[in-house]
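Chemist: Handing you this structure, nothing more for now.
The values are calculated or read from the model by the stated rules, or taken from the named source; none is laboratory data. Please read all numbers here as calculations on a predicted model, not as lab measurements. Backbone-built Cβ (ideal geometry, glycine too); neighbour counts: all protein chains shown. The protein model used for the area step is the full one, side chains on, heavy atoms only, and it has no ligands, DNA or RNA in it. Shrake-Rupley method; radii C 1.70, N 1.55, O 1.52, S 1.80 Å.
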Amino acid sequence: MIILKTPEEIELMRAAGKILAACHREIAKMIRPGVSTWDIDQFVEEFLAKNGATPEQKGYSGYPYATCGSVNDVICHGFPKKDPLQNGDIVTIDMVVRKDGWLADSAWSYEVGTVSPDAKKLLEVTEKSLYLGIEQAVVGNRIGDISHAIQTFAQANGYSVVRDFTGHGIGKDMHEEPYVPHFGPPGRGQRLKEGMVITIEPMLNIGTYHAKIDADGWTARTRDGQLSAQYEHTIAITADGPVILTKQ
Ligand code: MF3
Ligand code: CO
């Protein structure tokens with residue numbers, strides 16, 4: 001069942017999204033060789049507490065941390081670690097923020113120091129694919145129109161789209177219907193309605209889209225060890241078009 005949100009509820013989700021976006025802006029300033037995903041996780045816990053918000057991922061299905069920190073070949077759900085980030089790494093920081101009962105979800109990939117041209121291009125294409133998906137998030141379109149726009153652009157640039165993880169509806173729960181794959185044919189799936197709030201969160205890989213899960217039960221890596229990147233926003237579908245609730 002898809003739970004539609006009122007304009008007032010969307011405003012509450014936007015308040016959660018503002019805190020999340022502010023958090024990402026701070027993380028962007030923090031990231032450099034020598035800083036760890038553990039340091040970032042600590043920072044996020046403190047920042048959210050100061051802003052009257054809580055980290056929804058902590059304790060969700062047993063996930064132990066406030067954030068996911070996914071380095072290089074990690075696709076998503078990497079555990080924060082004390083190992084310092086190295087010059088040339090790429091790292092995706094993902095979190096879900098709860099404020100006054102409502103949620104927002106956003107992941108962002110960052111460059112650590114100076115990265116290779118290949119890594120830079122992967123980040124650029126992945127971010128652009130997110131915005132092309134968002135453009136399709138309009139009343140009357142279908143979920144498949146979002147999926148198709150992302151896949152088409154990703155593959156035109158030589159990248160593969162991860163299949164095992166999707167975007168999702170979000171509200172008072174982290175994962176609601178509808179699910180939002182980042183690949184697939186246009187014109188299929190749920191029709192988009194005013195009041196839906198969804199995440200769009202493409203994960204693009206340089207090599208194969210296949211994933212494998214580490215022994216920790218969470219960390220998802222590319223099967224071939226090549227790089228993966230991800231950008232995610234929480235989007236409200238309104239009569240005036242898509243509204244990015246996690247805009248930085
Ligand atoms: N923020 C993520 C999502 O898009 C990942 C959730 S990880 C979990 O759904 F640990 F919270 F499950
Ligand atoms: Co999400």
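Chemist: Mind putting a number on the dipole of the stretch 42-173 about its Cα centre? Charges go on the C-beta only, +1 for Lys and Arg and -1 for Asp and Glu, and I need it in Debye to the nearest 20.
Modeler: Dipole of the stretch 42-173, to the nearest 20 debye: 160 debye.
Chemist: In nm, to one decimal, how far is the GLU124 label point from the ASP216 one, both placed 7 Å along Cα→Cβ?
Modeler: Roughly 3.2 nm, to one decimal.
Chemist: Additional query: Tabulate in residue order the Karplus-calculated ³J(HN,Hα) for the stretch 230-237, using 6.51 cos²θ - 1.76 cosθ + 1.60 with θ = phi - 60°, rounded to whole Hz; enter x for Gly and Pro.
Modeler: My calculation for the stretch 230-237 gives 8, 10, 9, 10, 9, 10, 9, 9 Hz in order.
Chemist: For LEU103, list long-range residues whose amide hydrogen, built 1.01 Å from N in the peptide plane, is under 5 Å from its own amide hydrogen.
Modeler: GLY171
Chemist: Here is a further query. Where a ≥ b ≥ c are the square roots of the eigenvalues of the C-alpha gyration tensor, would you call the stretch 45-192 rounded, which needs a/c under 1.5, or, failing that, prolate if a/b is larger than b/c, or oblate?
Modeler: oblate
Chemist: Determine Rg/Rh for the stretch 78-162; Rg is computed over alpha-carbon atoms and Rh is the Kirkwood hydrodynamic estimate from the same atoms.
Modeler: Details: Rg = 15.7 Å, Rh = 15.1 Å.
For the stretch 78-162, the value is 1.04.
Chemist: Further, regarding this structure: How far apart, in nanometres, would the label points at ALA28 and ASP240 be if each is projected 7 angstrom from Cα along the Cα-to-Cβ direction?
Modeler: Result for the modelled spin labels: 2.3 nm.
Chemist: Taking H placed 1.01 Å from N in the peptide plane, check which residues at least 5 places from HIS168 or on another chain put their amide H under 5 Å from its amide H.
Modeler: Distant-sequence amide H within range of HIS168: VAL180, THR199.
Chemist: For the stretch 7-244, what does the accessible surface come to per residue with a 1.4 Å probe? Please give it in Å².
Modeler: 41 Å²
Chemist: Also, quick follow-up: Peptides 6-18, 28-40: what's the order by average Cβ count within 10 Å, highest mean first?
Modeler: My ranking of the peptides, most packed first, is 6-18, 28-40.
Chemist: In angstroms, what radius of gyration and Dmax does the stretch 115-248 have, counting Cα atoms only?
Modeler: 14.7, 45
Chemist: Roughly how many Å is it from the Cα centre of the stretch 1-57 to that of the stretch 97-135, as a whole number?
Modeler: For the stretch 1-57 versus the stretch 97-135, the Cα centre distance is 14 Å.
Chemist: Report ³J(HN,Hα) in whole Hz for each residue of the stretch 116-121, in order, from the Karplus equation J = 6.51 cos²θ - 1.76 cosθ + 1.60 where θ = phi - 60°; Gly and Pro get x.
Modeler: 5, x, 5, 5, 4, 5
Chemist: Give the long-range amide H neighbours of LEU245: residues separated by 5 or more places, or on another chain, with amide H under 5 Å away, using H modelled in the peptide plane at 1.01 Å from N.
Modeler: THR234, ILE235, ALA236
Chemist: While we're looking at this one, here's another question. Calculate one ³J(HN,Hα) per residue across the stretch 170-177 by plugging θ = phi - 60° into the Karplus curve 6.51 cos²θ - 1.76 cosθ + 1.60, and present them in order as whole Hz with x for glycine and proline.
Modeler: After applying 6.51 cos²θ - 1.76 cosθ + 1.60, I find 8, x, 8, 10, 5, 10, 10, 6 Hz.
Chemist: Evaluate the charge dipole of the stretch 7-244 about its Cα centre and quote only its size in Debye, nearest 20, assuming +1 on the Cβ of each Lys and Arg and -1 on the Cβ of each Asp and Glu.
Modeler: My answer is approximately 260 debye.
Chemist: Decide, for the chain, between rounded, prolate and oblate: order the square roots of the alpha carbon gyration tensor eigenvalues as a ≥ b ≥ c, take rounded if a/c falls under 1.5, and otherwise choose prolate if a/b is larger than b/c, else oblate.
Modeler: oblate
Chemist: Ignoring any ligand, DNA or RNA, what whole percent of the accessible area of the stretch 194-248 comes from carbon and sulfur when the probe is 1.4 angstrom?
Modeler: Values: 940 of 2010 Å².
Percent of accessible area from carbon and sulfur atoms in the stretch 194-248: 47.
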